[in-house]
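Each reported figure results from applying straightforward, stated rules to the coordinates on display, with no laboratory input. Fair warning: this is a prediction, and the values are worked out from it, not measured in the lab. Glycine gets a Cβ as well: all are built from the backbone with ideal geometry, and neighbour counts include every protein chain shown.
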Amino acid sequence: MGDDGVRDLRAALAAHGQEGLLRFWDELDGAGRERLERDLRSLDLDLLDRLVETLVHGREEHLDMGGVEPVEPDPAPSPEAVAEGEDALARGAVAVVIVAGGQGTRLGFDGPKGCYPIGPVTDRSLFQIHCEKVAALGRRYGRTPPLYVMTSDDNHAATEAFFADHDRFGLEHVRLFRQGTMPAVDARSGTVLLAAPDRVALSPDGHGGTLRALRRNGCLDEMRERGIETIFYLQVDNPLVAVGDPGFVGAHRLAGAEVSSKVVRKTDPAEKVGVVAARDGRQLVIEYSDLPDRLAEQRRPDGGLAYAAGSIALHVFSHDFVERVAATADLPYHRALKRVSCVDERGRPVDPDEPNAIKFEQFIFDTLPLARRSLVLETSREGEFEPLKNAEGVSSPETVRARLSDAAADVLEAAGAVVSRTPEGAAAVPIELGPLVAADPAELARRIAPGTVVDGPFTLS
């Protein structure tokens, strides 16, 4: 970039109070200047101004509860819905999208979270479990859904290498695409932080950026060319998801819904999970921090919670809806107070002990109010929700492996096996069934002898 270009860039940054981003320019070599210029040119400074004004300097506002009503989820899908979903899968009209931009840092794991070994016996990775479920759909319905995996700048190369090393887990179509980024800003001043003298502190823009990333990377165009009508969306950290569930897909399609959500029923008002609700005929998700106690504790006549539709970030979208939203809608940004490593005024690295920055993120559930018609389907917490988030305690490797073993034990017992159980009813030993087996109980029954006793670590692929 020549002198004129530097002056223009400096003037543009100064007009938005961000001229400090060039404070190390004279000290950088050519490659460093190219890196910094590329980062700076990617910034939407007008948008940044609005976000700093509202989410950094503005008063934190909570969602207006006026007109909000609870939503009662639909029960298990009908046989007609299952048949509709199976037809869509057999016609190749369904694609699967996995959001996998996170790292395994909170788990003490050096690598993409999707690479984490979670199988109770074989250490299958999260990616392998999901991919084998996609492959099982192809085996069962004759057409394997194309798989799209959203990565981040932080983990794209490692994820790409992992899939290559495992021969894409046998899938014919796997496409990785990167999510967008947003700058992190100082929590007090709103100025953009530098991760290094030649790099802006950028972070993923949240799972709400998935739809725009699909469009930006040409995935939506490719889906249209392949005849995709329905998109099954999940997050990589939940290995219990029934990927491509024909009942869910079919119920969505029969309802003429643009977006559908699976939920689990809340029983504790204080549980830290958002709830699906409705206002003016449109659905929305209320974060647990925004739900007033008077609503969180409200009861139905049968004693159950009124606001009980717990969101688990599991959705089905119509392809046309995703195209429309990605092209025309601006989802709101949310603030997240985080610790962000950066450099100080002298270029020295700073690794803060306390949160020092605001990150701007979009959430996938903010698509719900944009849908003309939505559907909410209830699923069991035990059967389909145990995300891997923490190193210890709830939602940890210990609890996820236990839930996977319990699910496998249920299938084995249905196939005629005798499984050792604890007094509380949980599987007493680690058990793992490969998705290609577990997806077909009839095949499983043929592969084990009636009365097979499972009283030690057991696996079948």
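Between THR267 and GLU160, the modelled label-to-label distance comes to 4.7 nm, taking each label 7 Å out from Cα in the direction of the beta carbon.
Taking 0.36 nm per residue of sequence separation and removing the Cα-Cα distance, the ARG294/VAL6 pair yields an extension gain of 98.1 nm. What pairs from LYS272/LYS359; LYS133/LYS272; LYS133/LYS359 go past 23 Å between their alpha carbons? Pairs exceeding the cut-off: LYS133/LYS272; LYS133/LYS359.
Taking every full run of DSSP H in the chain, the ones that stretch at least 20 Å from end to end by Cα along their long axis and average -0.5 or higher on the Kyte-Doolittle scale are 126-141, 397-414.
Give the longest segment of the chain that steers clear of GluC sites (Glu not before Pro) in DSSP loops with at most 12 neighbouring Cβ atoms within 10 Å, not counting the sites themselves. For GluC sites (Glu not before Pro) (loop position, at most 12 other Cβ atoms within 10 Å), the longest site-free span of the chain is 173-344. The trypsin sites (Lys or Arg not before Pro) of the stretch 274-375 that DSSP puts in a loop, and whose beta carbon has at most 16 other beta carbons within 10 Å, are ARG339, ARG346, ARG372, ARG373.
Beta bridges assigned by DSSP with both partners in the chain are antiparallel in approximately 60 percent of cases. The alpha carbon centroids of the stretch 1-45 and the stretch 169-223 are separated by 21 Å.
Taking every DSSP helix (H) stretch of at least 4 residues in the chain, weighting each as -39,500 (n - 2.57) and dividing the sum by the residue count yields a mean residue ellipticity at 222 nm of -9000 deg cm²/dmol. For ALA83 and ALA449, the difference between the fully extended length at 0.36 nm per residue and the C-alpha to C-alpha distance is 128.6 nm. When the trypsin sites (Lys or Arg not before Pro) in the stretch 136-224 are filtered for DSSP coil states and for at most 12 other beta-carbon atoms within 10 Å of their beta-carbon, the remaining sites are ARG188. Put a dot 7 Å past the Cα of GLU34, heading toward its Cβ, do the same for GLU225, and the two dots end up 3.0 nm apart. Extension gain, LYS338-ASP64: 0.36 nm per intervening residue step, less the Cα-Cα distance, totals 96.1 nm. Measuring between their Cα centroids, the stretch 418-445 and the stretch 307-334 lie 35 Å from each other. Between ARG279 and ARG50, the C-beta separation translates, for a Förster distance of 22 Å, into a calculated FRET efficiency of about 0.35. With both labels modelled 7 Å from their Cα along Cα-to-Cβ, the ASP353 to GLU287 distance reads 2.7 nm. Candidates [x] 71, 60, 42; [y] 79, 52, 47; [z] 106, 41, 34; which is the computed Cα extents along the principal axes in Å? Computed from the coordinates, Cα extents along the principal axes in Å corresponds to [y].
Take every Cα pair under 8 Å whose residues are at least 6 apart in sequence, average their separation, divide by the length of the stretch 62-389, and the relative contact order is 26 percent.
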